[in-house]
Amino acid sequence: MWRSSEETATTPDWPPPHAPMPATTPASSWEDKGEAPESVAGLQEHYNHLCMEKSQRINPFILHILQEVDEETKKGLEKGITLTMAGNNRLTLVERITGEDFRILFRILRNHPYINGLDVRYNLLSDIGAYCAARLLQKQRNLIYLNLMFNDIGPEGGELIAKALHKNTTLKYLRMTGNKIENKGGMFFAAMLQINSSLEKLDLGDCDLEESTVHLGHMLKENHSLVELHICKHDIKNCGMQKLCDALYLNSSLRYLDVSCNKITRDGMVYLADVLKSNTTLEVIDLSFNRIENAGANDLSETLTSHNRSLKALSVVSNNIKREGLVALSQSVKTNPTFSNIYIWGNKFDEATCVAYLDLIQMGHLKPDNTDVEPFVVDGRVYLAEVSNGLKRHYYWTPVYGEAYNHSSNAGFALVPVGQHL
């Protein structure tokens, strides 16, 4: 699969620990040979040739995708190609890409002038593939998007990729979601972000990091390029939220903060509500699946009603909020002209709550596409039903049919766009 983009370090050590290269393929045979850029029309032929040269079995999935790209480029498309080789593609017979396969791909892509995006989510790259990804980040000067989510990359692989980004000046968006790089790998990413000045979107969600906020807080104080940060499932508690908020007083670039699926309670909202009184850059905050309850919702509501005029979207899905807090947030939407998107499903709805959100929609303060609930009336009583809208509905998957990146289902990415990749 492919998409056009024309819409709007140190050298890592090899082999990485615990990921030895097979004895039949010495590392020296994979070093650069000063090859000239390959013809954009010959990816399939180049892949076949390299597999024969290295006695590597041909992966039919890779061959199929490269053939598709070759066919499209023959029609006249010559730049802005994103190679999409997602291992969870249900419309194509998939043989998941291994680290050995990715070594071959690295040789094809490293000098290719027209490929600026690579999506290899849900494959089996491991730390061997992470080494090649790190080399790719050093050699390929056109790559702006790299999706490595759920590829069995561990702490050593995370270190290699983070170190490769020390000197990289082109990559804009990196997804490491679901790779268990743990605290060790996470510290290398935090250190990298104090040096790298080009990366704008980073997803470290579900990477088995715990309370990473001390290091990430230091990073946010120094980094002035990062626009979007996903740190869901980091075991962040209230003290961690305090460290993040302390850093946000000094940060003027971050526009989208995702701290969903953590252990933040109402006490953490005291710090967030306070920083939002002076912060004018944050536009999207995802607090889904925490436990801020009524007290936390009231703190946010007071700030959004009386002080903040920059936040556009807030998700408080499944936060054990009841009538008082939900109605208070509805009042913020009504009085704050900038605050346009709110997501509340999974909390405790009574009739007063349902009526408050019915009024918001009927009076035009809240567009139906900008929330995840839809009011309906049965026997004169108002209820709320869930609808498939949200900040990142397609975070772990994309739909088989229909538009993969429609704005109502992925409002966070639409509100804070970075290049072509949402």
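The values are calculated or read from the model by the stated rules, or taken from the named source; none is laboratory data. Predicted, not measured: the structure shown is a model, and the values here were computed from it. All Cβ positions, glycine included, derive from the backbone under ideal geometry; neighbour counts span all protein chains shown. These accessible areas exclude ligands, DNA and RNA; they are computed on the full protein's heavy atoms, side chains included. Shrake-Rupley method; radii C 1.70, N 1.55, O 1.52, S 1.80 Å.
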Fill in the blank from the handout: With R₀ set to 41 angstrom, the calculated FRET efficiency between the beta-carbons of L91 and A352, to the nearest 0.05, is 0.35
Fill in the blank from the handout: Around M187 (Cβ within 14 Å, Cβ-to-Cβ, excluding M187; K/R +1, D/E -1) the net charge comes to -4
Exercise for the section: Take the Cα atoms of region 245-294, build their convex hull, and give its volume per residue in Å³. Expected result: 76 Å³
Handout entry: Estimated distance in nm for a label pair at N183 and Q331, the labels positioned 7 Å out from Cα along Cα-to-Cβ
Key = 4.2 nm
Handout entry: Nitroxide proxy distance, nm - points 7 Å out along Cα→Cβ at K263 and E222
Key = 2.8 nm
Problem - Rg over Rh [alpha-carbon atoms, Kirkwood Rh] for region 41-186 - result: 0.95
Exercise for the section: Lys and Arg at +1, Asp and Glu at -1: add these up for the other residues within a Cβ distance under 10 Å of N88 and post the number. Expected result: +3
Exercise for the section: Pull up the DSSP beta bridges for the chain and report the antiparallel fraction as a percent, rounded to 5. Expected result: 20 percent
Exercise for the section: Please give the net charge around L143, taking every other residue with its beta carbon less than 11 angstrom from that of L143, where Lys and Arg add +1 and Asp and Glu add -1. Expected result: +4
Fill in the blank from the handout: Kirkwood-based Rg/Rh on the Cα set of region 337-377 evaluates to 0.93
Exercise for the section: Between the alpha-carbon centers of region 318-343 and region 129-172, tell me the distance in whole angstrom. Expected result: 39 Å
Handout entry: the chain, accessible area per residue, ligands and nucleic acids excluded (1.4 Å, Å²)
Key = 40 Å²
Problem - Highest average packing first - 138-145, 240-247, Cβ atoms within 10 Å - result: 240-247, 138-145
Fill in the blank from the handout: Whole-percent carbon and sulfur contribution to the accessible surface of region 83-177 (1.4 Å, no ligands, DNA or RNA) stands at 51 percent
Completion exercise
Expressed in angstrom and rounded, the centroid-to-centroid distance over alpha carbons for region 195-223 and region 52-69 is 36 Å
Completion exercise
For the chain, the Cα-Cα pair-distance distribution in 20 Å bins from 0, as whole percents, is 26, 51, 21, 2
Problem - Packing rank of 167-180, 269-282, where each peptide gets the mean count of other beta carbons within 10 Å, highest leading - result: 167-180, 269-282
Problem - Alpha carbon convex hull of region 235-387, projected area averaged over orientations, nm² - result: 7.9 nm²
Fill in the blank from the handout: In the structure shown, of K180/K367; K75/K180; K263/K334, the pairs separated by more than 31 angstrom at the C-alpha atoms are K180/K367; K75/K180
Practice task
Convert each backbone phi in region 341-347 into a coupling constant with the Karplus relation 6.51 cos²θ - 1.76 cosθ + 1.60 (shift: θ = phi - 60°), then list the ³J(HN,Hα) values in order as whole Hz, x for Gly and Pro.
Solution key: 10, 9, 10, 10, 4, x, 9
Exercise for the section: Show that you can apply the helix-only estimate: for the chain, add -39,500 (n - 2.57) for every DSSP H stretch of four or more residues, divide by all residues, and state [θ] at 222 nm to the nearest 500. Expected result: -10500 deg cm²/dmol
Problem - Protection proxy ranking of 363-371, 185-193, 387-395 - average other beta-carbon atoms within 10 Å, highest first - result: 185-193, 387-395, 363-371
Practice task
Compute the label zone of V378 within region 349-370: residues whose backbone N is under 14 Å from the point 7 Å along Cα-to-Cβ.
Solution key: 351
